[in-house]
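The values are calculated or read from the model by the stated rules, or taken from the named source; none is laboratory data. All values reported here derive from a predicted model rather than from experimental measurement. Positions of Cβ are generated from backbone atoms using ideal geometry, with glycine treated the same way; all protein chains shown enter the neighbour counts. The accessibility values were calculated without ligands, DNA or RNA, using every heavy atom of the protein model including side chains. Shrake-Rupley method; radii C 1.70, N 1.55, O 1.52, S 1.80 Å.
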Amino acid sequence: EPLLYTFAFQANGWGSEISHKLARKCDVVNRGLSGYNTRWAKIVLPRIVPISDAPVAAVTVFFGANDCALEDKNPAQHVPLQEFTENLKDILKYLLSIGVSKDKIIFITPPPLQETAWEKECLLKGSALNRLNSVAGQYAQACVQAAGQSGVDVLDLWTLMQKDGQDFSVYLSDGLHLSDKGNQFVAEHLWTLLERRVADLPFILPYWGDVDPKCPESSLLCD
């Protein structure tokens, strides 16, 4: 049951796409909170991801886009880089403490920031540009390093979306949040990391054509 973020289940969201791929194999659970940073997430984590006996196939940890907000322009969301790194490791420690093994955990870096588009959004709200792509890159790099030091997989969106100098603005709806193409990008790249983790999951309940219509219980009540 991957850990997702708030907009992942919107129409064409990357969480919706992953959920579709895993239909009748496992539940995809959304535990993301819009606008939250790692400092706040660490506090609420035991509440939103409690200890459970349910088997876990994978968990994604997707932070940084809010933590990287500029301290002088957006102090409410900003988390210093070193604390961000420590918070990611603390989130990992919590997941390990409730029985999720390292091989099931995937860190995701913040995507790049398209400053021109995001500045327009900031101005509409009466504030100056409060994030920079270069700073988002520092947080992405910290996420990659934390994953490497901790021995978990990482999906480096910041680097992948800018690979070979491509125009990454198509992946963002407003310079910060993912567009439909951005959601598709995340889903495709995440699936390459998830696929081997879920490959052996059994199909829940038999295909309808395999159910004995004269005695459905014999097909539907067996393990």
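Give the residue that is nearest to LEU95 (Cα to Cα), with candidates limited to residues of the range 122-155 that are of a type in the set (Ser, Thr, Tyr) and part of a helix (DSSP H, G or I). Show your work before the answer.
Here is the first cut: in the range 122-155, the residues of a type in the set (Ser, Thr, Tyr) are 127, 134, 139, 150.
Pick out the ones that are also part of a helix (DSSP H, G or I) and you get 134, 139, 150.
Numbers: SER134: 30, TYR139: 21, SER150: 12 Å.
Once the filter is applied, the top-ranked residue is SER150.
Does ARG47 meet the test of being open to solvent by 30 Å² or more (accessible area, probe 1.4 Å) and in a helix (DSSP H, G or I)?
Working: open to solvent by 30 Å² or more (accessible area, probe 1.4 Å): yes; in a helix (DSSP H, G or I): yes.
Judged against the criteria, ARG47 is a match.
Kindly indicate whether any position in the range 149-165 is touching a His at 6+ places or on another chain (Cβ under 7 Å) and closer than 22 Å to VAL100 by Cα.
Our first condition is that a residue be touching a His at 6+ places or on another chain (Cβ under 7 Å); within the range 149-165, this holds for 155, 160.
Of the ones still in play, those that are also closer than 22 Å to VAL100 by Cα are 155.
Yes, there is a match, as at least one residue in the range 149-165 is touching a His at 6+ places or on another chain (Cβ under 7 Å) and closer than 22 Å to VAL100 by Cα.
Looking for something open to solvent by less than 20 Å² (accessible area, probe 1.4 Å), of a type in the set (A, V, I, L, M), more than 28 Å from ASP167 (Cα to Cα) and not in a helix (DSSP H, G or I) - is there at least one such residue anywhere in the range 106-121? If you could, list the steps in order and put the result at the bottom.
Let us first name the residues in the range 106-121 that are open to solvent by less than 20 Å² (accessible area, probe 1.4 Å), namely 106-113, 118.
So of that shortlist, the ones also of a type in the set (A, V, I, L, M) come out as 106, 108, 113.
When the remaining residues are screened for being more than 28 Å from ASP167 (Cα to Cα), the result is none.
For the range 106-121, residues open to solvent by less than 20 Å² (accessible area, probe 1.4 Å), of a type in the set (A, V, I, L, M), more than 28 Å from ASP167 (Cα to Cα) and not in a helix (DSSP H, G or I): absent.
Looking at (1) open to solvent by less than 60 Å² (accessible area, probe 1.4 Å); (2) at pLDDT below 95, which one does LEU157 not meet, given that it meets all the others?
(2)
Test of understanding: among ASN87, ASN133, ASN66, which residue is more than 14 Å from LEU176 (Cβ to Cβ) and within 20 Å of the chain's Cα centre (by Cα)? Talk me through it step by step, then tell me what you get.
Working: ASN133 fails: more than 14 Å from LEU176 (Cβ to Cβ); ASN66 fails: more than 14 Å from LEU176 (Cβ to Cβ).
From the options ASN87, ASN133, ASN66, the qualifying one is ASN87.
Provide a single number: the residues in the range 175-217 that are in contact (Cβ under 8 Å) with a residue 60 or more places away in the chain, β-branched (Val, Ile, Thr) and touching a Leu at 6+ places or on another chain (Cβ under 9 Å).
So the answer is 2.
For every residue, the table says whether it meets (1) touching a Lys or Arg at 6+ places or on another chain (Cβ under 6 Å); (2) closer than 30 Å to ASP53 by Cβ.
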residue	(1), (2)
VAL100	no, yes
PHE107	no, yes
LEU113	yes, no
THR116	no, no
CYS122	no, no
LYS125	no, no
ALA128	yes, no
ASN133	no, no
GLN141	no, no
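Cβ-Cβ under 9 Å, sequence separation 6+ or interchain: first residue in the range 39-63 and without any contact (Cβ under 8 Å) to a residue 12 or more places away in the chain, partner of a type in the set (Phe, Trp, Tyr). Which pairs?
Partner pairs satisfying both residue conditions: VAL44/TYR36.
Which one of the conditions (1) touching a residue at least 40 places away in the same chain (Cβ under 8 Å); (2) open to solvent by 70 Å² or more (accessible area, probe 1.4 Å); (3) aliphatic (A, V, I, L, M) does LEU220 fail to meet, given that it meets all the rest?
Condition (1) is where LEU220 drops out.
This table checks each residue for (1) within 22 Å of ASN66 (Cα to Cα); (2) of a type in the set (A, V, I, L, M, F, W, C); (3) touching a Cys at 6+ places or on another chain (Cβ under 6 Å); (4) open to solvent by 50 Å² or more (accessible area, probe 1.4 Å).
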residue	(1), (2), (3), (4)
GLN138	yes, no, no, yes
ALA142	yes, yes, no, no
ALA146	yes, yes, no, no
GLN162	yes, no, no, no
VAL170	yes, yes, no, yes
VAL198	no, yes, no, no
